[in-house]
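The block underneath contains the structure these notes are about, expressed in structure tokens.
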Amino acid sequence: EDAEKGEYRHFMLKEIFEQPLALQRTLEGRLGGAEDLAQMFGERTAMLRDVQCVQIIACGTSYHAGAVARYWIEALAGVPCQVEVASEFRYRAHVVPEKTLFVTISQSGETADTLAALRAATHAHYLAHLAVCNVPSSSLVRESELALLTRAGPEIGVASTKAFTTQLAALRLLVLALAHARGLGEAALSQHLEELRQLPNLVEKALQMDAAIQTLAEDFVEKQHTLFLGRGTQYPVAMEGALKLKEISYIHAEAYPAGELKHGPLALVDKDMPVVAVAPRDDLLEKLKSNLQEVRARGGELYVFADQQAELQDEAGMRVLAMPTVPESLIPIVYSVPLQLLSYHVAVLRGTDVDQPRNLAKSVTVE
Ligand code: G6P
């Protein structure tokens, strides 16, 4: 069943729409509360109490999941966290802080650089090696002491979608387990778990934007460049949105943390370069709004994904795409969905090979 497209035109679209189910499966049996979290890795879970630093290693879309997790880990667990692409990490001299948890993230568990980084790390002095992975029988899982499996099912489209959102859900669980082990109270923990329970439904709601996004895609078809903006956890979401667009539509896309606009990309802004912004109601919204004004003042065309609380409206030079209201903890997961749909519809309109984009492979098993 998983290897068939069914009613869908492409595997990618099918996989985008499978996300509520994939998320539900990934969370199943893991949301019970403190006891479930304390059993995440059986007896080894106690090790989480000793973690003083986290090093995340991944490639491509999986790296973006790690980049989101970094914000969560430092904010919620109070532990310093580094994230790096495997191809850089494996070839540079690096210092391993005491009691560092080494975490790899990979859909396939066979990516050559990620595996090589793990193999090198097994000789270094880490507290433990943990793989967040979608394939239980993969080399990465077999060679790691600990594994946290996503349950996205087989992903066929080269551009990763359901693997990414399930990685984020699994990482959220890991962060909660780590935070709890380091003293996050029961009340706060149950609040966070309650939010996670809403995730499949909220993603379902985001999928209802499909028709609106299909129309929106027409504005992008003729463009050569697109800029994606976000702040905080929305910065990696913007990075992932840009990656999706370039992978399958071959439009050059770049992501920037919105606060850096004035240090370069503002020079590129004109009516020919759409600017996509991820703008939920959060602590950084007012800052982001002033960044958006900087774009508008220079004649840029803005496409803003925002919830009602953000109080943004359509006006000249700014189109607002209405998002469901989402707890802050889930924003990066839910806001990724319309960006996946956007890249999908732009690619279809441009007539590219959506599931098998040129020059790319699903799993890069050689260097
Ligand atoms: C390739 C795929 C990407 C994926 C990356 C990492 O580039 O095209 O979709 O994100 O590899 O793959 P992994 O299996 O390690 O997550």
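Bear in mind that the values in this text are calculations on the coordinates, not laboratory data. Being a predicted model, the structure only gives us computed values, none of them experimental. Cβ coordinates were reconstructed from backbone atoms using ideal geometry, including for glycine residues, and neighbour counts include every protein chain displayed.
Shape analysis of region 322-367 places it in the oblate category; the axes a ≥ b ≥ c from the Cα gyration tensor give an a/c of at least 1.5, with a/b not above b/c. In region 75-197, the inverse of the mean reciprocal separation of distinct Cα atoms equals 15.5 Å; this is its Kirkwood hydrodynamic radius.
Restricting attention to region 131-280, the count of lysine pairs at 8 or more positions apart or across chains with alpha carbons under 17 Å apart stands at 5. The simple spin-label model puts a point 7 Å past each Cα toward its Cβ; for Arg142 and Lys362 those points are separated by 1.9 nm. Quick one: helix 112-121 against the long Cα principal axis of the chain, what's the angle to the nearest 10°, folded into 0 to 90? Long axis of 112-121 versus the principal axis of the chain: about 40 degrees. A Stokes-Einstein calculation at 20 °C with viscosity 1.002 mPa s, built on the Kirkwood radius of region 264-338 over Cα pairs, returns a diffusion coefficient of 168 µm²/s. Projecting the Cα atoms of Leu202, Leu48, Leu118 onto the charge dipole of the chain (Cβ charges, centred on the Cα centre) puts Leu118 farthest toward the positive pole. How far, in degrees from 0 to 90, does helix 234-249 lean away from the longest principal axis of the Cα atoms of the chain, to the nearest 10? Taking the Cα atoms of the chain, the angle to 234-249 is about 70 degrees. Since only Pro80, Ile57, His94 are under comparison, the one whose Cα sits farthest along the positive direction of the charge dipole of region 34-102, derived from C-beta charges on Lys, Arg, Asp and Glu, is His94.
Convex hull over the alpha-carbon atoms of region 137-209: what's its volume per residue in Å³?
It is 112 Å³ per residue.
Each peptide in 227-238, 317-328, 65-76 was scored by the mean count of other Cβ atoms within 10 Å over its residues; highest first, the order is 227-238, 65-76, 317-328. Label-to-label distance for Gln293 and Arg119 is 5.5 nm, based on points extended 7 Å past Cα in the beta-carbon direction. Largest first and in whole Å, the equivalent-ellipsoid semi-axes of region 1-135 read 29, 21, 13, each the square root of five times a Cα gyration tensor eigenvalue.
Starting from 0.36 nm per residue, how many nanometres of slack lie between Asp353 and Lys99 once their C-alpha separation is accounted for?
86.9 nm
Working value for region 173-278: equivalent-ellipsoid semi-axes of 34, 19, 10 Å, each the square root of 5 times a Cα gyration tensor eigenvalue, largest first. If you take the alpha carbon atoms of the chain and fit the smallest convex hull around them, that volume is 133 Å³ per residue. In this simple spin-label model, placing a label point 7 Å from the Cα along the Cα-to-Cβ direction at both Asp272 and Glu328 gives a separation of 4.1 nm. The mean sequence distance of close C-alpha pairs (under 8 Å, at least 6 residues apart), as a share of the length of the chain, puts its relative contact order at 19 percent. Of all aspartates and glutamates in the structure, the ones whose alpha carbon falls short of 14 Å from that of Lys14, not counting any fewer than 8 places away in one chain, are Glu1, Asp2, Glu4, Glu155, Glu204, Asp210, Asp355. Proximity of backbone amide H atoms, modeled 1.01 Å from N, is registered between Ala128 and Phe102 at under 5 Å, excluding neighbours fewer than 5 places apart on the same chain.
Just need the relative contact order of region 17-169 here, percent rounded to a whole number, with Cα pairs under 8 Å and 6+ apart. Relative contact order here is 27 percent.
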